[in-house]
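Heads up, the thing below is written out as structure tokens.
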């Protein structure tokens, strides 16, 4: 299943750990605080546990949204969309 992972983390050190966790799970960075990729149930659960241990729930937030290719194909991107410095054309063509 495809997942969007979005976060708002105030501390740089914790934010860097969240980025590393997402990349280690094979997610692609599409904006500075947004990742997209395929995870199986176990990978998603592992990522959730890692993120829960990282964040300060009183100041930070993390969203892990499931999606499908149908929803991705029906997505409208207005403006720059993906951060071209972070995302290669391969990633855009893979999901959009």
What is the distance, in nm, between label points placed 7 Å from the Cα along the Cα-to-Cβ direction at residue 58 and at residue 24?
2.7 nm
For the range 2-70: Kirkwood Rh in Å [reciprocal of mean 1/r, alpha carbons]:
12.0 Å
Between residue 49 and residue 6, what length in nm is gained on full extension when 0.36 nm per residue of separation is reduced by their alpha carbon distance?
14.0 nm
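Read the figures in this text as sums done on the coordinates, not as results from a lab. Keep in mind the model is a prediction, meaning the values are calculated, not measured. Positions of Cβ are backbone-derived with ideal geometry, glycine not excepted, and every protein chain shown enters the neighbour counts.
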